[in-house]
Amino acid sequence: MANFTTHLYGGAAVASLSSLGVYSLGLADTRQAQLYFVLGAIGGLLPDIDSDSSTPVRGFFALLGVALAFGVSFALVGQIPLLALSLVWLSVFCFVRFGVFEVFTRFTVHRGVWHSWLAVFFVAAAITNLAYWFIETPALEAWLSGLFVAIGYLTHLCLDEAASVDLLNSRVKRSFGTALKPFSTASLPSSGLMLVALLVLIHFAPSFDPVLVAANETGLISEEFGIWIRDPSRWLADLRGFGGSMLSSDWAW
């Protein structure tokens with residue numbers, strides 16, 4: 001398993017190259033490129049959120065506690081005395097940092113559902129919705145924010161798998177295959193809940209059209225492909241046709 005420093009540097013390296021890429025394509029200005037770099041680096045640390053003793057998970061819940069404490073406190077400014085407001089801030093912070101943290105660690109297992117492809121898509125969709133609905137960023141910027149967190153997240157999983165192969169002793173460690181898996185078979189209820197949450201996030205996600213338009217304008221995809229992917233009936237028909245041709249070839253063999 002790769003350590004914290006490896007994940008930090010690995011995620012930062014991939015995020016820096018990716019942010020320079022979107023900047024060079026004209027999909028981001030300087031401020032946005034810097035933001036995407038930070039999101040990618042953070043994404044590179046997120047999978048270890050399921051490790052009870054890891055630095056990222058403690059830091060994550062501390063930051064989440066501070067953010068929610070300020071959010072609740074700001075909403076109550078002018079309605080309650082300053083001393084009571086301070087107690088509310090402290091109560092919310094402690095509830096998240098210690099209460100929610102304790103519950104989360106009890107129901108998660110390291111290298112479980114958070115080390116999977118399902119988690120990559122879930123986190124990307126969650127960040128996209130958060131950026132669009134709560135921070136009110138444009139749809140394209142919201143999708144790119146989710147994409148960069150996913151890039152960092154996937155980098156972490158790839159580094160974990162790479163660390164599972166011992167090239168010097170020519171052996172594969174027991175941890176091989178526990179990071180880059182579709183979902184967690186050891187915790188099917190957790191995988192099921194995450195899948196349901198992902199479908200809900202996809203339903204509420206902003207329109208994907210700005211992404212397709214931007215990709216077409218920069219030459220990343222053709223106009224025909226953009227039209228094709230917008231119309232589910234077309235690619236479902238192509239998928240059925242591909243499946244039918246595969247079955248026909250199998251029967252012919």
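The values are calculated or read from the model by the stated rules, or taken from the named source; none is laboratory data. Just so it is clear, the structure is predicted and the values come from calculations on it, not from any experiment. Cβ atoms come from the backbone with ideal geometry, glycine included; neighbour counts cover every protein chain shown.
Summary table
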{"item": "Checklist (1) within 29 Å of residue 139 (Cα to Cα); (2) over 18 Å from the mean Cα position of the chain (by Cα) applied to residue 78, failing item", "result": "(1)"}
{"item": "Test for residue 45: is it of a type outside the set (Lys, Arg) and touching a Pro at 6+ places or on another chain (Cβ under 6 Å)", "result": "yes"}
{"item": "Within region 125-138, tally of residues that are in contact with a helix residue (DSSP H, G or I) (Cβ under 6 Å, 6 or more places away or on another chain) and either charged (D, E, K, R) or farther than 24 Å from residue 196 by Cβ (or both)", "result": "1"}
{"item": "Where a residue in region 179-197 is closer than 11 Å to residue 115 by Cβ and its partner, wherever it lies, is among the acidic types (Asp, Glu) and at pLDDT 80 or above, with Cβ under 6 Å and at least six apart", "result": "179/160; 179/161; 180/161"}
{"item": "Some residue of region 21-40 being at pLDDT 90 or above, of a type in the set (Phe, Trp, Tyr) and surrounded by fewer than 18 Cβ atoms within 10 Å (Cβ to Cβ)", "result": "yes"}
{"item": "Filtered residues of region 61-110 (kept if under 25 Å from residue 48 (Cβ atoms) and among the small types (Gly, Ala, Ser))", "result": "62, 65, 67, 69, 99"}
{"item": "Search result, residues across region 129-146 that are in contact with a Phe, Trp or Tyr (Cβ under 8 Å, 6 or more places away or on another chain) and closer than 26 Å to residue 181 by Cα", "result": "129, 143, 144, 145"}
{"item": "From 140, 180, residue being modelled with pLDDT of 85 or more and of a type outside the set (Ser, Thr, Tyr)", "result": "140"}
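Rundown of residues vs (1) in a helix (DSSP H, G or I); (2) surrounded by fewer than 14 Cβ atoms within 10 Å (Cβ to Cβ); (3) touching a Phe, Trp or Tyr at 6+ places or on another chain (Cβ under 8 Å); (4) at pLDDT 65 or above, yes/no style:
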| position | (1), (2), (3), (4) |
| --- | --- |
| 196 | yes, yes, no, yes |
| 200 | yes, yes, no, yes |
| 211 | yes, no, yes, yes |
| 214 | yes, no, no, yes |
| 251 | yes, yes, no, no |
